[in-house]
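Working notes for the structure below.
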Amino acid sequence: MGESRRDFLRKIAIAGAGAAMVANPFGQAFAAGGNKKVRIAVIGTGGRGRLLLEHLLIIIKEGGNCEISAICDNYQPSLDMAVKLCVKYKSKVNTFSDYRKLLKDNVPDGVVIATPLHQHAHITIDSMNAGIHVLVEKSMARTLDDVKAMYDVHKQTGSVLMVGHQRLFSKRYLNAMDRIHKGELGEIGQVRAYWHRNKNWRRKVPKDKPELERQINWRLYKEYSAGLLTELMSHQLQVANWALEQVPVSVTGTGSIRYWNDGREVNDNIAAIFSYADGTQFIYDSMTSNKKYGCEEQIMGHKATMELETNKLILEKPPKPKPAPGIAQLISDIKKDTFQSIPVGGASWAPETALKYNGEPIYNSQKGDGTKEELLGFVDCIRQGKNIDWVTAEGYNTSIWSLLTEQAIDTGQKLTMPEKYII
Ligand SMILES: NC(=O)c1ccc[n+]([C@@H]2O[C@H](COP(=O)([O-])OP(=O)(O)OC[C@H]3O[C@@H](n4cnc5c(N)ncnc54)[C@H](O)[C@@H]3O)[C@@H](O)[C@H]2O)c1
């Protein structure tokens, strides 16, 4: 029922051969066509939920054979903004404030869940128990037991379970991983990644409703979120595991509230080191009071480095630069001994500053970050009643290790994965 990593990559690669011809870079691999109109509901129409909804509306507009069966949010302003979006795309939509009522009365084929982290597990489990397929945003859940429970119910019910790691569906990342796994970078010694920002990460709370602070700024409170670990690091840990084709064996870390002393409970800067069985490390840091280095994943082999966010392949032995035309002429003239003296001014050549070697692009035809392809993939999985098991496992392992990192930071211990969470 599942599909192996190699099969998946091969299918994407084959579809990619004709990619320039079609708007969807995955060609037939993920096309929302087919006979059955797949009915999708979006639960949680905040920032991310509306972005996912808009991608779906575009897919429908482009002729994808799916429809938005309903949208749901328990905060009226979020629901209103999502309705506006549907109106913009001339799509009629059913609205719900209670997801249980949506599951019962609307019975979609699949739900896209983009609620805050602590609201993922029960909605996912209730949906799968109702026979509905799920694409849930990363990370999977707030607790290790909830992550495992979601996975177990997925296995019991056979419902598709995808976790919102859109890089898994990005043409650039797929191309890069194929090349990494074929050995183009050589032996990978380390993966390094970081995500640095210089902002407080706060959302505006209506002045007349200060009681909404924790609900709106859920990312900043430990009851609802593990902060930078589940929100940002999870994406990059998934990339590291994917590149290395392994999950870590241990993690250690540190973190603090160093700068934004504004009542938040989650760390505003963190650092973690993951070890893998073959001796490789993944070294990670994230801070929110300096953005100079931005966001990057660096896969470092003995032959080359790939910097995936900025699309660069940097060889350890850079290709020798071709001499500039003027220099080439000078060399040729010297060889032919045609100079009496070196001309000064008015010459047909000019010395050029040596170019700093910045590498070359990994892949140039990527539009977007993979989110649209992720949704196309979800619709296709539903239509075919087929889960992509390794994609589910990537989301699962990343979620578990992100939460273990939180424990490692909080306790100052080096942690391994408890047996009961191994799948
Ligand atoms: N994949 C990515 O790149 C990416 C990017 C941003 C956010 N996310 C993820 O998306 C999720 C949502 O993040 P966000 O930034 O949109 O948050 P948000 O706070 O903007 O939106 C969450 C929405 O869920 C609603 N909600 C809460 N509980 C609900 C419930 N029981 N039923 C229905 N609606 C409910 C809230 O009212 C709110 O409108 C998080 O898990 C986050 O990690 C993923």
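At-a-glance table
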read-out	value
Conditions (1) more than 24 Å from Met233 (Cβ to Cβ); (2) exposed (fewer than 14 other Cβ atoms within 10 Å of the Cβ); (3) not acidic (Asp, Glu); number of the one not met by Val379	(2)
Residue list for region 71-82, restricted to those being buried (at least 17 other Cβ atoms within 10 Å of the Cβ) and more than 10 Å from the ligand (Cβ to nearest atom)	none
Residue count for region 135-150, restricted to those that are in contact with a helix residue (DSSP H, G or I) (Cβ under 8 Å, 6 or more places away or on another chain), more than 14 Å from the ligand (Cβ to nearest atom) and under 23 Å from Leu228 (Cα atoms)	3
Candidate set from region 230-258 (those that are touching a Ser or Thr at 6+ places or on another chain (Cβ under 8 Å) and within 11 Å of the ligand (Cβ to nearest atom)); member that is farthest from Thr280 (Cα to Cα)	Glu231
Some residue of region 284-302 being surrounded by 14 or more Cβ atoms within 10 Å (Cβ to Cβ), over 23 Å from His196 (Cβ atoms) and modelled with pLDDT of 95 or more	yes
Complete set of residues in region 167-215 that are aliphatic (A, V, I, L, M) and farther than 24 Å from Lys291 by Cα	Leu168, Leu174, Ala176, Met177, Ile180, Leu185, Ile188, Val205, Leu212
Members of region 109-134 found to be closer than 19 Å to Leu52 by Cα and away from the ligand (no atom under 14 Å from the Cβ), listed by number	Asp109, Gly110, Ile132, His133
Matching residues, region 48-62, being free of Cβ contacts under 8 Å to residues at least 60 places away in the same chain and either within 22 Å of Arg100 (Cα to Cα) or hydrophobic (A, V, I, L, M, F, W, C) (or both)	Arg50, Leu53, Leu57, Ile60
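The values are calculated or read from the model by the stated rules, or taken from the named source; none is laboratory data. In this text, all values refer to a predicted model and were calculated from it rather than measured experimentally. Positions of Cβ are backbone-derived with ideal geometry, glycine not excepted, and every protein chain shown enters the neighbour counts.
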